[in-house]
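Down below is the structure, laid out as structure tokens.
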Amino acid sequence: MATNTTPGMKPNLTWKEKISRAWSDTTNGSNALIRILGVLAALATFVAGLLSMINFFNMVTNPLSYVLGVFFMIFGIVLTFIELFPGSKLSKVIFSQAKFLSHLLGRGSFYLYLGLLFTCGGVQSGFTSIISFVVGLYLIAVALVFGVWGFTHRKEVSMTEPLNGATNV
């Protein structure tokens, strides 16, 4: 590594090293397949949200679809970022504020929530409703994979260990 370090200072990392550190996986039990499924689910969420906003007339007749479209786009951007770069500073901030996203079970639950919104929301009409339904089914499938994988590969927590560094008095 070509890092320049001075005692007491942060190392000067190259762009390639920064990307490598950001790409490093911090989700317990994750593997390449899980990461790919997650990235595709996050991108599909963003694209479906974007497509739901194309019909301007729909904004006047059904404003809820636009509000959901904005939420889907925001969720898609956030999920894409944390799936692609779980080791980045922004992902760590997101994980600290939404702790459930840092675990596969929690992220799977969130994908299930989004999938149910897409499939059962019923706010779309025409071609975008078909896309929303298909994306919703994919998100539900990803949620099941994340849930099963996260449950079977979770770290066992000892009942005798104190949580969060607490000490027994």
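When ARG107, ARG35 are arranged by Cβ crowding within 10 Å, least crowded first, meaning fewest neighbours, the order is ARG35, ARG107. Estimated at 0.36 nm per residue, the fully extended path between PHE151 and ILE130 surpasses their Cα-Cα distance by 4.4 nm. The label-point distance for ILE36 and MET59, in a model that sets each label 7 Å from Cα toward Cβ, rounds to 3.8 nm. Under the simplified labelling scheme, the SER96-ALA141 pair shows an inter-label distance of 3.8 nm, with each label point 7 Å from Cα along Cα→Cβ.
Compute the distance from the alpha-carbon center of the range 82-148 to that of the range 50-78, in whole Å. Their Cα centres are 16 Å away from one another.
FYI, it's all coordinate maths here, none of it is from the lab. Keep in mind the model is a prediction, meaning the values are calculated, not measured. Reconstructed Cβ throughout: ideal geometry from the backbone, glycine too, with neighbour counts over all protein chains shown.
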